[in-house]
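The values are calculated or read from the model by the stated rules, or taken from the named source; none is laboratory data. Every value quoted in this text rests on a predicted model; they were computed, and no experiment measured them. Cβ placement follows ideal geometry from the backbone for every residue including glycine, while neighbour counts extend to all protein chains displayed.
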Amino acid sequence: MNTTRLLGRLGRYGAIGIVAAAVHAVILLLLSNWISLSLANPIAFLAASLAGYVGHALVTFREETGGKRFARRWLVLQYAVNLSVCALLPLILGAWMQPILRTVILVFTPTVLNALIWSRAAQFSARQRTQGGTPPLLHADDLGLGAGVDHAIFDLNQLGRLDGASLLVNGPTAKTASDTWRQLPNPPALYLHLCLTEGPGHSANVDLPTSFGRLLLASWLPWQRRRLKPQIQRSLRQQISRYKQLTGANEIHLDGHQHVHLIPIVLDTVLGLAQSEQVTWIRTTAEPLPTDLPLNLWWACVRQGGALKWLVLQCLTWLAKPKLRNAAVGTNGSFAGVLFTGRMTGEALECCWHTNHCQNASENGSRAMLLIHPAQPGGGDVMHEHQFTESFAFFSSPQRQREWQAMKNLKI
């Protein structure tokens, strides 16, 4: 950036800073007549932050943003950082520091932090605008779970809306679904959908299926890990054998029902068999937060548990990726389908698709992946009969049918 542009930007930054400070002062003066200062000041600060958020996006960093606002996450970050700093700095500095120096630090530290945050926000906006990206792979889970699910997946494939699907080998309709899939003119990729949390048990002395939470807890309890790992290994071998029998494939791309494959005890077992069973690819769920998402959808995501599920799976993916690299097992780039699992429709689906379209390819060139769970009406009773009770409850809701229709109507 040349000197003239730098001075111009500094001038614009200073002007917006003055406007934000004026907003803070005016609102603080008005509110202090009605409520306590301790409550009025955070409200005034939030209003000033909003002024800075809009002003810096539209004026200071307009070259990067193209005149559009920053993603809202930067406003949340700025507010959280400033509140934390304003609360902690006086405690850290203490009474031992010279008053003048303490005042300078208290005044200018938030200013420097804000400059760093808005600069990062501008860089993020610039990347979003300039990256061409590659469209994410469109993927459907649960082929073989029931006729309604299978028909929806075949319908989307016929419309050219799918790049792959995952086969639930112990599902009620797995044999029929895999036979139909193999007869397609140009069948997309078919993955093994490892299931340990529901479905028929394998023998009376095996404690599987079990819950996601129990498997996660067992990963950190040595005695539980020693007890469950052999059972997971037997179940995994059985499902791999069944997958090879149904598909005729030798090389395996693997993911998990309810993302169970990312739980450390399960992933370690899979990787232990990866070389002998030719497991060459495992799905991860590094899901970027979508941009331009309405606030009501963010609230719905928090209320319905998608945000908590996202946080857990982000941590598990972070733990899994070094293991995959060490085992020379491939994976996808970024991902979408956790935050709004079961509700990938409308603006949520479109924002997730566009956000992943803008992502760079992973280190090995793998594309991003967008996951849906489509279904047509009917054929759900067989799930209940085969002990897929959680899936039956999901199938009985209208959500899967909405995902099927939304994928058909997605503008890509």
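Among the candidates V26, V81, V76, single out the residue that is free of Cβ contacts under 8 Å to residues at least 24 places away in the same chain, closer than 24 Å to W298 by Cα, among the β-branched types (V, I, T) and not assigned by TED's automatic domain parsing to the domain that holds W299. Testing whether each residue is free of Cβ contacts under 8 Å to residues at least 24 places away in the same chain, closer than 24 Å to W298 by Cα, among the β-branched types (V, I, T) and not assigned by TED's automatic domain parsing to the domain that holds W299 leaves just V76.
Please verify whether A300 is touching a residue at least 40 places away in the same chain (Cβ under 8 Å) and more than 20 Å from K408 (Cα to Cα), treating the condition exactly as stated. The answer is yes for A300.
Residues in the range 177-197 that are surrounded by 21 or more Cβ atoms within 10 Å (Cβ to Cβ) and not hydroxyl-bearing (S, T, Y): A177, W181, L190, L192, H193, L194, C195, L196. Counting only residues that are closer than 18 Å to E277 by Cα and surrounded by 15 or more Cβ atoms within 10 Å (Cβ to Cβ), the range 207-232 holds 3 of them. Here L267 does not fit the description of being of a type in the set (A, V, I, L, M) and within 19 Å of G199 (Cβ to Cβ). Report whether or not F340 is more than 13 Å from the chain's Cα centre (by Cα), closer than 28 Å to D268 by Cα, buried (at least 16 other Cβ atoms within 10 Å of the Cβ) and of a type outside the set (S, T, N, Q). No: the conditions fail for F340. Within the set S32, S49, the sole residue that is surrounded by fewer than 17 Cβ atoms within 10 Å (Cβ to Cβ) and hydroxyl-bearing (S, T, Y) turns out to be S32. Within the range 268-283, the only residue that satisfies the criterion of being crowded, with 20+ Cβ neighbours inside 10 Å and polar (S, T, N, Q) is T269. If you check L267, L246, L271 for being touching a residue at least 60 places away in the same chain (Cβ under 8 Å), in contact with a Lys or Arg (Cβ under 7 Å, 6 or more places away or on another chain) and assigned to a helix (DSSP H, G or I), only one passes: L246. Given the structure, is A328 within 30 Å of A274 (Cα to Cα) and crowded, with 18+ Cβ neighbours inside 10 Å? So A328 does not fit the description; no. How many residues are surrounded by fewer than 24 Cβ atoms within 10 Å (Cβ to Cβ) and assigned to a strand (DSSP E or B) when one looks only at the range 140-154? So the answer is 0. Restricting P135, P185 to residues that are assigned to a loop (DSSP other than H, G, I, E, B), out of contact with any strand residue (DSSP E or B) (no Cβ under 8 Å at 6 or more places or on another chain) and within 26 Å of C352 (Cβ to Cβ) narrows the list to P135. So is W223 over 30 Å from F70 (Cα atoms), without any contact (Cβ under 8 Å) to a residue 24 or more places away in the chain and assigned to a helix (DSSP H, G or I) or not? When the stated conditions are applied, W223 passes them.
Considering the range 293-327, the residues that are part of a loop (DSSP other than H, G, I, E, B) and more than 15 Å from the chain's Cα centre (by Cα) include one that is farthest from F124 (Cα to Cα), namely A327.
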